[in-house]
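Data block below; observations after.
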Amino acid sequence: MSKTALKDLNTIPVTERKSEGSDSVVEIGIVEIEYIESENLNDVEDIDTCLKTLLAALDSKDWVLVCDTLNNVRRLSIFHKEAMLDILGNVITHVAKALKSPRSAVIKTAVMTSADIFCAYSDLIIDSLDPLLLQLLLKSSQDKRFVCEAAEKALISMTTWISPISLLPKLQPYLKHKHPRVRAKASMCFSRSVPLLGAEGIKTYGIDKLIQVAASQLSDQLPESREAARTLILELQNVYEKFHNLMPAAAVNKDPETETASEDPKIETVSEDPKTGTVSEDPKTETVPEDPKTETVSEDPKTETVTEDPDTDTESWENFCQSNLSPLSAQAVLRVTSIAREGLVS
């Protein structure tokens with residue numbers, strides 16, 4: 001066995017394997033299954049033969065053959081992904097079936113196959129993702145540690161290689177799954193995927209929708225779900241405040257009581273008359289009030305500056321939460337961000 005591969009010893013029942021063309025039973029034996037890491041897989045020897053026999057071999061009742069064929073699927077995904085495109089949907093169906101196998105060796109090999117498929121095909125598998133997704137969420141929640149760890153890696157591969165704009169709608173139904181551990185794993189995937197949208201992507205997807213999802217997970221019974229929700233809430237707050245900080249320059253004319261800075265390039269001077277506080281002699285130019293909390297205009301029209309009230313961001317975030325969430329949910333979300341803010345200050 002190579003140092004880079006893991007092995008699983010499996011006893012083959014006497015009734016499971018028979019020699020071809022006869023009714024004789026093979027003696028009980030020990031089969032050694034290698035779990036080869038993706039970077040250590042070699043190319044298939046004969047691609048045409050491999051493709052022709054792939055689906056039939058995946059459907060075999062011989063679990064050892066299924067494991068070998070799953071590894072061939074991995075090899076094809078890595079070295080010849082275009083060649084498998086025409087049968088990819090059928091292949092994924094068989095991989096999902098293998099994830100339900102009573103054999104832990106088959107399950108783990110299928111999980112590793114799923115990770116390689118995500119890496120190779122990304123969004124091309126989005127229409128076939130649902131059966132794989134449910135099984136991976138279930139397997140990452142089960143007791144067998146070596147299967148659970150492999151499923152966790154596959155889910156990380158999924159959130160890494162499938163675009164969040166395609167993946168998030170697929171994940172969202174599982175946030176309400178009846179199995180609490182499935183909800184927890186889905187929450188972790190959701191929280192991990194949202195930041196990959198980027199600030200602009202989050203704004204486009206709908207930050208109001210995302211905060212509602214996060215708030216609903218804060219009350220989940222499992223701590224993993226709640227922690228994922230807290231992480232997501234802090235990410236959304238950062239994005240919200242980033243865009244809010246850019247608003248005054250573009251929206252200074254919205255509030256009739258708030259002074260605005262003229263961008264007219266012809267304005268060159270600021271009047272020093274404290275009674276008028278005018279920006280220029282142009283009668284159409286608006287005036288700047290003397291309130292120290294309001295915006296100030298530099299004498300150089302190229303260096304206009306805006307002074308913000310330090311409490312504005314907090315108040316705006318609170319208003320956003322209160323306008324998009326129920327009172328109890330808003331209170332829970334604001335508690336999360338308040339604790340995080342206090343932690344930064346201290």
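The values are calculated or read from the model by the stated rules, or taken from the named source; none is laboratory data. Just so it is clear, the structure is predicted and the values come from calculations on it, not from any experiment. For neighbour counting, all protein chains shown are included, and Cβ atoms are generated from backbone atoms with ideal geometry for every residue, glycine included. Just so you know, the surface numbers come from the protein's heavy atoms only, side chains and all, with ligands and any DNA or RNA stripped out. Shrake-Rupley method; radii C 1.70, N 1.55, O 1.52, S 1.80 Å.
Please state which one of Val66, Val91, Val106 is under 26 Å from the mean Cα position of the chain (by Cα) and open to solvent by less than 50 Å² (accessible area, probe 1.4 Å).
Of the residues listed, the single one that is under 26 Å from the mean Cα position of the chain (by Cα) and open to solvent by less than 50 Å² (accessible area, probe 1.4 Å) is Val91.
Can you tell me which residue is farthest from Met84 (Cα to Cα) among those in the range 94-103 that are outside any loop (DSSP other than H, G, I, E, B) and open to solvent by 20 Å² or more (accessible area, probe 1.4 Å)?
Lys97
Under 8 Å between Cβ atoms, at least 6 apart or on separate chains: pull out the pairs that start in the range 182-204 with a residue that is in contact (Cβ under 8 Å) with a residue 40 or more places away in the chain and end on any residue that is outside any helix (DSSP H, G or I) and open to solvent by less than 10 Å² (accessible area, probe 1.4 Å).
Matching pairs, first to second residue: Lys185/Ser140.
Please find, among Lys203, Lys209, Lys242, the residue that is at pLDDT 95 or above, part of a helix (DSSP H, G or I), of a type outside the set (A, V, I, L, M) and within 17 Å of Trp317 (Cβ to Cβ).
Lys209
Would you confirm whether or not the range 154-173 contains a residue that is closer than 19 Å to Glu318 by Cα and buried (at least 18 other Cβ atoms within 10 Å of the Cβ)?
no
Please state which one of Ser77, Ser122 is open to solvent by less than 10 Å² (accessible area, probe 1.4 Å), of a type in the set (Gly, Ala, Ser) and assigned to a helix (DSSP H, G or I).
Exactly one residue qualifies, and that residue is Ser77.
Considering only residues that are open to solvent by 10 Å² or more (accessible area, probe 1.4 Å) and either closer than 16 Å to Ser140 by Cα or polar (S, T, N, Q) (or both), which ones fall in the range 109-119?
Met112, Ala115
Looking at Gln221, is it open to solvent by 20 Å² or more (accessible area, probe 1.4 Å) and part of a loop (DSSP other than H, G, I, E, B)?
So Gln221 passes the test.
Quick test for you: out of Ser128, Ser141, pick the one residue that is surrounded by 15 or more Cβ atoms within 10 Å (Cβ to Cβ) and more than 23 Å from His80 (Cα to Cα).
Ser141
For Gln142, indicate whether it is polar (S, T, N, Q) and at pLDDT below 95.
yes
In the range 43-63, what residues are open to solvent by 50 Å² or more (accessible area, probe 1.4 Å), farther than 17 Å from Thr113 by Cα and either charged (D, E, K, R) or outside any helix (DSSP H, G or I) (or both)?
Hits for the range 43-63 are Glu45, Asp46, Asp48, Lys52, Lys61.
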